[in-house]
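Reviewing the structure listed below.
The values are calculated or read from the model by the stated rules, or taken from the named source; none is laboratory data. Since the structure is predicted, the reported quantities are computational estimates derived from the model, not experimental observations. Here the Cβ positions follow ideal geometry from the backbone for every residue, glycine too, while neighbour counts run over all protein chains shown. Calculation scope for accessible area: heavy atoms of the full protein, side chains included, ligands and nucleic acids excluded. Shrake-Rupley method; radii C 1.70, N 1.55, O 1.52, S 1.80 Å.
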Amino acid sequence: MTIDAMTLTLFLPLFGAMAAFVLPRAATGIGLVTVLATCGAVWLLALEVLKAGAVITPLGGWEAPLGIALRADGLSLAMLAMTSGVGLLVSLGALNALRDLRQRQYFWPLWLLLLTGMNGVYLGTDIFNLYVMIEVIALAAVGLTVLSGTKEALRAGLEYMYASILGALLFLMGVGFVYLHLGRLDFAGLLEAEPSGALSAALALMLVGLLLKTALFPLHFWLPAAHANATAPASALLSGLVVKAALYIFLRLTTYMPLPDEILVTLIGALGAGAVLWGGVQALRAERLKLLVAWSTVVQIGLIFIAFARAGQVGLTESWKAAALLILAHGVAKAAMFLAAGRIKDELGHDIIRDLDKSNIRPTLAQFTFALAAISIIGLPPSLGFIGKWTLMEGAMAAGYWHWVVVTMIGTLLSVAYFSRVFAGFLRFDRVRAPVGEHQGWALADVAPLTLAIASISLGLMAAPILSFLELGYALGVMP
Amino acid sequence: MTPDLIYGLTGIAVFAIGLTGALCAQDRLRRVLALKLCSLGAGFLLVVAAWREPPAAPDPVPHALVITGIVVMISATAVALALIRRLQSLEAEDDD
Amino acid sequence: MTDMPLLPLFILLTSLLASPILFALPERAANLRTGINLGVAAIKVALVAWLGWKVSQGVVYDVHFTVLPGLDFKLQADPLALLFVSLSAILWLITTVYSVGYLESGSHRARFFGFFSLCVAATVGVAMAGNLFTFLIFYELLTLATYPLVIHRGSAEALRAGRIYLIYTLAGGLVLLLGTLGLWIVAGTTDFVPGGILADVAAEQRLVAQMLFVVLVGAVGVKAALVPFHAWLPIAMVAPAPVSALLHAVAVVKAGAFGIMRVVYEVFGIETAQAIGMTAPLAALAAITIIYGSLKAITQDDIKKRLAYSTVSQVSYITLGVALASPIAAVGALAHLIHQGLMKITMFMAAGNLAEGLGVKKVSQMNGVGRAMPGTMLAFTAAALAMIGLPPLAGFVSKWYLAQGGLDTGAVWVVALLLGSSLLNAIYFLPMLYRAWFRDGTETEAVPARRRIGWMLAAPPITTALMVLAVGGFANAPFSPLEWTRFVVAIEYQE
């Protein structure tokens, strides 16, 4: 068995997780080195994909359908790059954010396990492996949710656990149907299969399971509490990265097995619209900063599904690009935002929006970071979020789907409204006339979120290379 | 009725019972058990997928999948139970 | 001759890069901050002068890179851009001096000047945007950078004003996004080209072109404070005086008016805009705004509110000149872009001095302020008289060309409109001057003098007032704004 970049991408974090678990004292070091090495492996893999298009590796030399094949193309590599890149910066942010020894000790193995699961999803080529990977992700993610050990976090984590396992089991049931019907589970098999009622039922089960895991309205009920009550680095990972895994599978599956009816596509878009509106209203009402940020994730997931639905079944081959751009944009910006929110909470000692300005400590840099990330999430130029929204609206307008344009615009206005609640608090320090301390509330810990936030803006100017990278090895959904 | 149909329908029925429980039950432990039922149902279905009209040997791949599924579910159950215990002890502290 | 092809980018970057440095400076490093502010502003003026020299030599600048397939981020330095860039660069320098004086004892100066700098960077970007896509980027950046300035005082009233400002301008920005997308889909490009890019589309799909016109002009009309999108401007006057100067004279309102020019001249092309029958409604809307703003101004007692409604009215002169579709009126419009900026910035800085020096904020308190602050009030008087249109001051020149343009296109009503508007200008400005110079200051005694006005507050309005006199008096001199304007119009009308 040769060691190649793809295998490393999958196994480095796995071994890192084990090592970090066995050697809790060295967990931080092991964790950082592992994430860095994974970034390197992804980089090597990216070079291969740039050269050759899609790359396929049968794991352990066993060919599909019996063995497990790994496959990387532009889309999966973009997801891998986002995961390891954002993951690296969140890891750096976590150095400071996790004060408690016990938290540090468990954070690293859980996070590396999570990384394994996500890399597995992005490289996986058969749906049973995807099932295993989403279960791995679910267990690690629940562990991260309850890391703070508070009662609220435990309750939210348990709800998350139920939703996540149920979603995975619905997916597994679908997998069972597929095997019953086709006798194989690899993507190539799905692609070759003739559409039939049984396959559609299987697809429906799998998709509902995925929607539950990615928290599309109205299956989002578990998300706000889970993401708002976790510790900041965990929230950043959960909101920025974890929900994307299920979204990615959704994108892949619906490309290989197109939805049988355009009404279903519209229905999914309508759920996305529901998420944008309902999530927006809830974010307007949220009293705590982290809860607001969590609701904005619900909104953004909705927007991504609108991107997915915007061109209907016919145009699906194009619309995935808008969805992919939005996924990347949200991953980077939301991680920055949650880390920044965590920093603000650390400095002020609370994150109640109404009282953000009632302190004479000014976490200026964290607030600046938060605002930059918000620009990308609202979708203001020239951020990556803007480019995603531009692509979405361009497609929707060109296809004459004006309702999606309208929903997107309403969603944008809502997001301006709820983020401006926060901005006003940031800018209005004068309510406390106490002598403003020379302590500016800056710290080294602001560097990681700030880097992410700057990336979320400046990546927008690099949209053209990102788009062409996404298309590598894709060829309209046909597996080479 | 062929055996695969019987097992298949049973699998679906067990899954449905589990699903109902997972959605409707209030008690934390019951919901965990309901999820276990779901996984059993899905396992049944995979076993059916392995069945071949004798004397043909059954397909080994689904068996491997079922075993993997069981392992995954055991881990999930363990995590859920640990969470519930921790939560209960925290809540008990509050009551005192 | 293009020894420095990235010059437009450098002009943009001077203030863009200054901004994070200013943010990071500690509050107490006042001298260093002032040094950076003035230094960068002066460098920018010098670079703009150099750019102007190069462009007049025939050098073409084009900085661009691809953002999305077929869609570029593009900066250019055409004569129209240069007109606006020069205005904002010079006025920025003056406003910076004024702001330093104004905020001498204020708080949060690091933040203020950081956003101030960002705001000017955005304005320069708006001016030099080579296509609507780039224009959109900076148009939104301008909104974001001015919002913190509007709510700088942090009072409940300021927050409310900020919220309204944000809602209006971001909604406008969203509509602009829609329009830009529409243009991109319909025309396959968003480039600004003299003569427009929509002639073919307008010939085939008249309705689409008309809708696009309404969307685009409506979107930029929000910042240009066209009725009915003007409500944010009078409310935003709670901002500190230098910010008002920025909003009314240098950046925001001007960006809107400038946007109207770009859209009408270089997206549609004046002939196409006329052919689809959209210039007449735009002219009518501008006329309504001119009269409405003036009427509202008369009833305001708050000085800055009166000035704000006056801006609503005056900026629409620019729109009117564009919409009249006559090259002579266009000269008036472009000249007014400069003239209105100079006049209004003078008045807002003078109003700021009255409030700071004497605590006078209302017209009814203005009795005798002329004797108390002669320099400031002389500047204010010159600007007010120019605004009314007294020959040979700046406002007269613009109005003259607009009226000529009206007659030229057979729209005699324009002359009546301008006369009426001048009368209204007189009705709301002359009482202020009368109170200032000819009434005794008994009522102002109730408000004790707050502080001495230093040279940094006193000099800027006098400087701009002198410029008002100069651009009017020497309107026909070479290199005067008016001459440059003629040059620009010749390009836009492709003569």
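Considering the stretch A:93-197, the qualifying helices (runs of 4 or more DSSP H), each wholly inside and each with 2 or more residues that are touching a residue at least 60 places away in the same chain (Cβ under 8 Å), more than 8 Å from every other protein chain (Cβ to nearest Cβ) and closer than 27 Å to B:Glu53 by Cβ, run over A:187-192.
Every listed requirement among (1) part of a helix (DSSP H, G or I); (2) within 11 Å of chain B (Cβ to nearest Cβ) is met by A:Ala204 save one, (2). Inside the stretch C:405-426, residues that are open to solvent by 30 Å² or more (accessible area, probe 1.4 Å) and touching a Ser or Thr at 6+ places or on another chain (Cβ under 8 Å) make up a count of 2. Within the stretch A:444-479, the set of residues being modelled with pLDDT under 90 and more than 14 Å from every other protein chain (Cβ to nearest Cβ) comprises A:Leu444, A:Ala445, A:Leu472, A:Gly473, A:Tyr474, A:Ala475, A:Leu476, A:Gly477, A:Val478, A:Met479. Return the residues of the stretch C:122-141 that are away from chain A (no Cβ under 13 Å) and in a helix (DSSP H, G or I); say none if nothing qualifies. Listed by number, the residues that qualify are C:Thr123, C:Val124, C:Ala127, C:Met128.
The residue pairs whose first member lies in the stretch C:453-472 and is on the phi > 0 side of the Ramachandran plot, whose second member is of a type outside the set (A, V, I, L, M, F, W, C) and in a helix (DSSP H, G or I), and whose beta carbons are closer than 7 Å, counting only pairs six or more residues apart or on different chains, do not exist in this structure.
Residue-by-condition table, conditions (1) of a type in the set (D, E, K, R); (2) outside any helix (DSSP H, G or I); (3) modelled with pLDDT of 95 or more:
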residue: A:Ala20; (1), (2), (3): no, no, no
residue: A:Arg25; (1), (2), (3): yes, no, no
residue: A:Gly29; (1), (2), (3): no, no, no
residue: A:Leu36; (1), (2), (3): no, no, yes
residue: A:Val49; (1), (2), (3): no, no, no
residue: A:Gly60; (1), (2), (3): no, no, no
residue: A:Ala64; (1), (2), (3): no, yes, no
residue: A:Leu80; (1), (2), (3): no, no, yes
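Of the residues making up the stretch A:23-56, those that are open to solvent by less than 20 Å² (accessible area, probe 1.4 Å) and of a type in the set (S, T, N, Q) are A:Thr34, A:Thr38. Filtering the stretch A:368-392 to residues that are over 21 Å from A:Phe338 (Cα atoms) and without any contact (Cβ under 8 Å) to a residue 40 or more places away in the chain leaves only A:Trp390. Scan the stretch C:389-398 and give yes if some residue there is open to solvent by 30 Å² or more (accessible area, probe 1.4 Å) and small (Gly, Ala, Ser), otherwise no. No. Just give me the residues in the stretch B:48-67 being in contact with a helix residue (DSSP H, G or I) (Cβ under 6 Å, 6 or more places away or on another chain) and either open to solvent by less than 70 Å² (accessible area, probe 1.4 Å) or among the polar types (S, T, N, Q) (or both), in sequence order. Matches in the stretch B:48-67: B:Val48, B:Ala49, B:Ala50, B:Asp59, B:Pro62, B:Leu65, B:Val66. Annotation note: Cβ proximity below 6 Å between a residue of the stretch A:406-429 that is over 15 Å from A:Gln282 (Cβ atoms) and a residue that is small (Gly, Ala, Ser) and in a helix (DSSP H, G or I) (sequence gap 6+ or interchain) occurs for A:Val407/A:Ala273. Count of the stretch A:1-10 residues, restricted to those that are open to solvent by 40 Å² or more (accessible area, probe 1.4 Å) and more than 18 Å from A:Met79 (Cβ to Cβ), is 3. No other residue among C:Val322, C:Val267, C:Val312, C:Val263 is closer than 29 Å to C:Gly352 by Cα, part of a helix (DSSP H, G or I) and open to solvent by less than 10 Å² (accessible area, probe 1.4 Å) apart from C:Val312. Counting only helices (runs of 4 or more DSSP H) that fall entirely inside the stretch A:254-351 and contain at least 1 residues that are modelled with pLDDT under 85 and within 18 Å of the chain's Cα centre (by Cα), the qualifying elements are A:289-309, A:316-348. A residue that is among the aliphatic types (A, V, I, L, M), open to solvent by less than 10 Å² (accessible area, probe 1.4 Å), within 30 Å of C:Pro481 (Cβ to Cβ) and in a helix (DSSP H, G or I) can be found somewhere in the stretch C:88-108. Scanning the stretch A:400-429 for residues being part of a loop (DSSP other than H, G, I, E, B), open to solvent by 40 Å² or more (accessible area, probe 1.4 Å) and within 10 Å of chain C (Cβ to nearest Cβ) gives a total of 1.
Within the stretch A:380-389, track down each residue that is at the interface with chain C (Cβ under 7 Å from one of its Cβ atoms) and either small (Gly, Ala, Ser) or more than 19 Å from the chain's Cα centre (by Cα) (or both).
A:Leu380, A:Pro381, A:Pro382
Among residues of the stretch C:209-222 that are in contact (Cβ under 8 Å) with a residue 40 or more places away in the chain, those with a beta-carbon under 6 Å from a residue that is not in a helix (DSSP H, G or I) at least six positions away or on a different chain give the pairs C:Ala209/C:Leu198; C:Ala209/C:Ile276; C:Gln210/C:Ile276; C:Phe213/C:Met278; C:Gly221/C:Phe229; C:Val222/C:Phe229. The number of residues in the stretch B:26-50 being more than 10 Å from chain A (Cβ to nearest Cβ) and farther than 17 Å from B:Ala76 by Cα comes to 2. Looking at the stretch C:236-247, is at least one residue open to solvent by 10 Å² or more (accessible area, probe 1.4 Å) and either touching a residue at least 60 places away in the same chain (Cβ under 8 Å) or not hydrophobic (A, V, I, L, M, F, W, C) (or both)? Yes, that holds for at least one residue.
Listed by position, the helices (runs of 4 or more DSSP H) contained in the stretch C:411-495 that have at least 1 residues being over 27 Å from C:Thr95 (Cα atoms) and modelled with pLDDT under 90 are C:413-438, C:481-492. Residue pairs whose Cβ atoms lie under 7 Å apart, sitting 6 or more positions apart in sequence or on different chains, and linking a residue in the stretch C:7-28 that is free of Cβ contacts under 8 Å to residues at least 60 places away in the same chain and within 14 Å of chain A (Cβ to nearest Cβ) to a partner that is β-branched (Val, Ile, Thr) and open to solvent by 10 Å² or more (accessible area, probe 1.4 Å), are C:Ile21/C:Ile36.
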